[in-house]
Structures are given as structure tokens and as C-alpha cells.
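The values are calculated or read from the model by the stated rules, or taken from the named source; none is laboratory data. Worth saying up front: this structure is predicted, and the values here are computed from it rather than measured. As a convention, Cβ positions derive from the backbone with ideal geometry for all residues, glycine included, and neighbour counts pool all protein chains shown. Accessible surface is based on the protein model in full, side chains and every heavy atom, while ligands, DNA and RNA are left aside. Shrake-Rupley method; radii C 1.70, N 1.55, O 1.52, S 1.80 Å.
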Amino acid sequence: VGRADSQEEAVAAMTAYVVERARDQRLRVGVGHLGASALAEALEAELRSRLDVADLIRYVVGPSVAVHTGVGTVGCVFHPVG
């Protein structure tokens with residue numbers, strides 16, 4: 001998505017990415033993390049405040065992603081409802 005020099009910038013960049021693509025649609029969202037629950041909570045709060053979130057699922061990032069990204073990973077997936 002881009003480069004971020006702080007956790008706050010990372011949350012802002014990920015949120016902006018989703019907001020731009022949501023096009024005012026209602027969304028189902030998944031927020032995943034590995035050892036970064038506070039950052040995942042910040043991302044979830046920002047997404048909920050800026051989007052029409054129908055459902056949001058939190059999950060722990062699995063080993064196939066974590067082997068490439070490591071502890072501290074946070075990200076999200078999304079798709080429109082309907």
C-alpha cells in the first residue's frame with residue numbers, strides 16, 4: 001500500500017486504501033495481526049469510524065503469512081456486502 005514511518009501512519013495508510021476502494025459500499029472486514037493486538041485495535045477503530053462496516057472479524061495471522069512478515073504484522077481484508 002505504501003511506506004509508513006510510524007504505526008499511526010500505517011493505520012492511516014491502510015484505512016485510506018480501504019476507504020478509497022469502498023466507494024461508499026457496506027463492507028465485511030477482517031483485521032488480522034500477529035503479536036500486535038493494540039495496533040489491530042487501532043486499525044479496527046479507524047475503519048469502523050470511516051466506513052459502513054457490516055461485519056468485522058479479528059484473526060491471528062497464520063504461519064504462511066507470518067513467515068514472511070514476522071511478529072508485529074497487522075493488515076486487513078475486505079469485500080462489499082451483497
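For the stretch 1-23, which positions are loosely packed, with under 14 Cβ neighbours inside 10 Å and not hydrophobic (A, V, I, L, M, F, W, C)? Of everything in the stretch 1-23, those that are loosely packed, with under 14 Cβ neighbours inside 10 Å and not hydrophobic (A, V, I, L, M, F, W, C) turn out to be 2, 3, 5, 6, 8, 9, 20, 21, 23. Scanning the stretch 41-65 for residues that are among the basic types (Lys, Arg) and in contact with a Leu (Cβ under 8 Å, 6 or more places away or on another chain) yields a count of 1.
Would you confirm whether any residue within the stretch 6-21 is part of a strand (DSSP E or B) and among the hydrophobic types (A, V, I, L, M, F, W, C)? No; the residues of the stretch 6-21 include none that is part of a strand (DSSP E or B) and among the hydrophobic types (A, V, I, L, M, F, W, C). Scanning the stretch 50-82 for residues that are closer than 17 Å to residue 19 by Cβ, surrounded by fewer than 16 Cβ atoms within 10 Å (Cβ to Cβ) and within 13 Å of the chain's Cα centre (by Cα) returns 50, 77, 79. Of all residues in the stretch 1-26, those that are polar (S, T, N, Q) have Cβ atoms under 7 Å from Cβ atoms of residues that are part of a helix (DSSP H, G or I) and open to solvent by 40 Å² or more (accessible area, probe 1.4 Å), 6 or more apart or on another chain, in 15/46; 15/50. Only residues that are exposed (fewer than 14 other Cβ atoms within 10 Å of the Cβ) and either at pLDDT below 95 or among the hydrophobic types (A, V, I, L, M, F, W, C) (or both) were counted in the stretch 24-49, giving 3.
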